[in-house]
Every structure is written in structure tokens, then in C-alpha cells.
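Notes follow once the structure below has been shown.
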Amino acid sequence: LDLFGANRAKAGAAEERLLSSTYQHDALALVIMGDVAQNYFNVLNLKERVRIAKDNWRASKDLLDVAEARFQTGARMQLDITRQETQVARAKAAVTALEQELALAQNALAVLVGEPPQSFSINGKNLNRLNLPDVAALQPAALLERRPDVKSMEAMLIAANADIGAARAAFYPSVNIGPSLLLAANPSASALTLAGSIIAPIFQGGR
């Protein structure tokens, strides 16, 4: 019979907790999508930086060749060659460091999309060909209500409120229909059994 709504409140609380779990799943999906996008942009950026670093390395080596050729003709000093060799070494070290950073970024992106890092690759070369969507400058504050993390907390609040209703209903009498009532031979016995199940919780409520 659920005269005071305890079962209804418990069912409502369970439904809201289920919704909260669903919203938490959606919130996690949004976080992962954001991480994927951020890591993808980072990989494209590192690819472009590696390309520029390799160009600088090749340019430094070309300048070193020129300096050595001019040294042979007496137009340059050994100090100039040493300085240029230092620049070449720095350019090569920059390329190595960026390539390592790119490999780590690609591995992180592979993990996020669920692919094995050893066979994962990206076709994009740089950020120049990305088409970013146009977003209006002014957005209504009601968009915040669509955030799954906000909706998850709202569902948990509703579930907590339903729990309060179930706890409040536990202080009231409850009706229990058991074998003793169903097997009663006459209406008076049934009434006494039903009345006993209603009155008994009243005396237990003071504990």
C-alpha cells in the first residue's frame, strides 16, 4: 500500500542516482574529448616546430660549410668556425628535444583514443588547415544548465531530498500483508492482523 510514500521516495532516489551516474559519464566523455583536442593541437604544433628546427639545423650546417670554405681562403678565423659549430650542435640538440616531446605527445594522444602508440600516426602537418567553428561572443547563461557535471549534482540533490522523504516515512506506521493475514479464516481476524501491523511501529518509533 505504501501509505506514506517511503517506497516511492526510495524509487525516486534510485532513479536520480542513475541519472547522476549517466551525467557523470557524459561529463567524463567531455573531458576526454577536450583532452583529445588539446593533445591533437599540441601534436600539430610540435610537428611544425620540429620542421622549423630542422630547417634551422640545415641552415646552420650550410653556414658552417661557408665558414670552413672561407677559412681555407683566409677570410675567416678558426674562432668563427668554432662558434658556428656550437650553433650547429645547439640546433641539432633542439631538434632531438622537440622530436622526443613530439613522440611523447603522440603516445599520449594514442592512449586517449584507444590506439596502440607504435602504430598510431597523424596525417596533419600544422595548424594552418584547421577550420575552427564560429562561436557567438555572447552566450546565454542558461547554457550552464546543460553541463553534465551541473546536471549530475542537481540529480544528486534531488536524490538526497528523496532520501529525506523516505527517512521521514519510516517514522510512520506501515502496513505489512503476510501469510497470517492471507490465511485468516474470517474478516475479524484479518482486521486484527492488519491493525497489529499498523500499530506496532508506533511503539518502536521512540527507540
- How far apart, in nm, are two points set 7 Å out from the Cα along the Cα-to-Cβ line at ILE164 and at GLU48? 5.4
- Task: Please list the radius of gyration and Dmax for the stretch 22-66, considering alpha-carbon atoms only, with Å as the unit.
- Result: 19.5, 66
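Every number in this text was worked out from the coordinates using simple rules, so none of it is lab data. This is a predicted model, so every value here is computed, not measured. Positions of Cβ are generated from backbone atoms using ideal geometry, with glycine treated the same way; all protein chains shown enter the neighbour counts.
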